[in-house]
Amino acid sequence: MPGISSTIFTPEIIRDPHPTLALLREEAPVFWDERIGSWLVTRYDDVKTVYADDRFSRDRRLGRHFVAPAPGSWAERFDQNGLGRTEGEEHRRWRARLAKGFTPRAVARMEDQVRAVVAELADPLRDRRGVVDLVDAFTNPIPNTVISRITGIPPYPGEEERFRRLAQDVIRRFLPMADEANVRRGENAIGELAEWVGKLAEERRQEPREDLVSDLIHGNPDDPMTNLDIVLLVALLIAAGSETTTLAGTHALRLLLRNPEQLAHLRRDPGLVRTAVREVLRFGFGSAGGGVPRYAMQDLEIRGQRIRQADMVMLSLAAANRDPEVFADPDRFDVTRDNRDMLAFGSGPHYCLGANLALQELTCMVEAALAFLPEDATLLEDRIEWEIVGLICRPVALPVRF
Ligand code: HEM
């Protein structure tokens, strides 16, 4: 296609994907990317259509390039058992069991825990002066501490740090295109986590407490969850809810500091923070052009392109969220925008299980930042360190002068 080579996954485009995504949306909305061996779907309507089409599956084992993980590995157990992989009846069964962990009572408890975790990390920042890296001090530790706390890991000194360290290694296992060293490190971390969470599950089986593990074990008497089910679920929460929320939080602070008039708007009207957070998710927060993978279960066509059974199709949520057919002036970051239709949490049966939790965490983070950031805080944009991991470009540090 003129202007676009055989792949959009070059370091330059991963760093700044939106001009290329706009071109694809316009001229090649169903694009075959040679480098990753996948179709890329970029229009909002097409993304929604594929999401709702049951001729596509999320099960990566159906993909042409699937390489079976080592027998007995954690990756294999995920493929066979994990919530994020299953479809149809099996998937509905997992979601129904999980609903017992997200009752209104449990959600209210989680909200308190989120507020407490954010306050613990925000309070020391109120009196800080000088240059502070807000990834290290704030946006990175929050999501894993929240997952640790809602799971029921006791917040004793050292325990949450250990959970966070393991979680960081678990995430490496799930990164697209993880190399051998990261796969090994991730497998070891899941092993250690499994032993720990498995023991916790056994304790809660005997003696329930106010936590997610107890709710799941005791809330499903007709379809009991094993300790292995619980372990796989906690690892999935880490994989799905940690890096995503950290990245979104980091981009939220970066976007607000880069757009002082929007930040001032929020200071004047803090009731807008939740809308602002959704706008950050719409605008994009590092997911580059990639997106969520699906696998065709039969030969079919999208917009005249012939998709063969076992082809991978990536739904570019980043591109869909800037589709001008749905969002007027889509490249403008506007904290007052009506962005109810944004797709950052997906759509259909796999819609993000943690969407409310994530929105709550991010809203709390931004509210806390409005309080601890002095009026004259400045983002040191040229000192931001960017790292390309797989198809994602993420800020490793967000230096801000207080
Ligand atoms: C800003 C943060 C987040 C974003 C942008 C996000 C995005 C997504 C998306 C797009 C999906 C659907 C994937 C697909 O269709 O294949 C998804 C699924 C999922 N998310 Fe999130 N997520 C976030 C935070 C969280 C959090 C905090 C948790 C829990 C701790 C979580 C747990 C899950 C789970 C378990 C699924 C799989 C649901 C299923 O397969 O039925 N996510 N997320």
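Inspect segment 369-386 for any residue being within 15 Å of the chain's Cα centre (by Cα) and open to solvent by less than 20 Å² (accessible area, probe 1.4 Å) and give the result as yes or no. Reasoning before the result, please.
Step one: list which residues in segment 369-386 are within 15 Å of the chain's Cα centre (by Cα), which gives none.
Scanning segment 369-386, I find no residue that is within 15 Å of the chain's Cα centre (by Cα) and open to solvent by less than 20 Å² (accessible area, probe 1.4 Å), so the answer is no.
Looking at segment 82-108, which of its residues are away from the ligand (no atom under 11 Å from the Cβ) and either surrounded by 17 or more Cβ atoms within 10 Å (Cβ to Cβ) or of a type in the set (Phe, Trp, Tyr) (or both)?
97, 100, 106
Do we find a residue being modelled with pLDDT under 95, over 29 Å from residue 103 (Cβ atoms) and open to solvent by 20 Å² or more (accessible area, probe 1.4 Å) anywhere in segment 337-347?
yes
Within segment 155-165, is there a residue that is open to solvent by less than 30 Å² (accessible area, probe 1.4 Å) and aromatic (Phe, Trp, Tyr)? Break it down into steps so the answer makes sense when it comes.
Applying the first criterion (open to solvent by less than 30 Å² (accessible area, probe 1.4 Å)) to segment 155-165 yields 160, 163.
Subsequent filtering for residues that are aromatic (Phe, Trp, Tyr) retains 163.
Within segment 155-165 (the criterion being open to solvent by less than 30 Å² (accessible area, probe 1.4 Å) and aromatic (Phe, Trp, Tyr)), the answer is yes, since at least one residue qualifies.
Which ones in segment 274-294 are surrounded by fewer than 21 Cβ atoms within 10 Å (Cβ to Cβ) and more than 22 Å from residue 337 (Cβ to Cβ)?
Listed by number, the residues that qualify are 292, 293.
Could you identify the single residue in 126, 149 that is farther than 24 Å from residue 75 by Cβ, within 14 Å of the ligand (Cβ to nearest atom), open to solvent by 10 Å² or more (accessible area, probe 1.4 Å) and in contact with a helix residue (DSSP H, G or I) (Cβ under 8 Å, 6 or more places away or on another chain)?
Numbers: 126 fails: within 14 Å of the ligand (Cβ to nearest atom).
Matching residue, one of 126, 149: 149.
The values are calculated or read from the model by the stated rules, or taken from the named source; none is laboratory data. Quantities reported herein were computed from a predicted structural model and do not represent experimental measurements. Neighbour counts are summed over all protein chains in view; Cβ atoms, including those assigned to glycine, are modelled from backbone coordinates with ideal geometry. Only protein heavy atoms, including side chains, enter the accessible area calculation; ligands, DNA and RNA are left aside. Shrake-Rupley method; radii C 1.70, N 1.55, O 1.52, S 1.80 Å.
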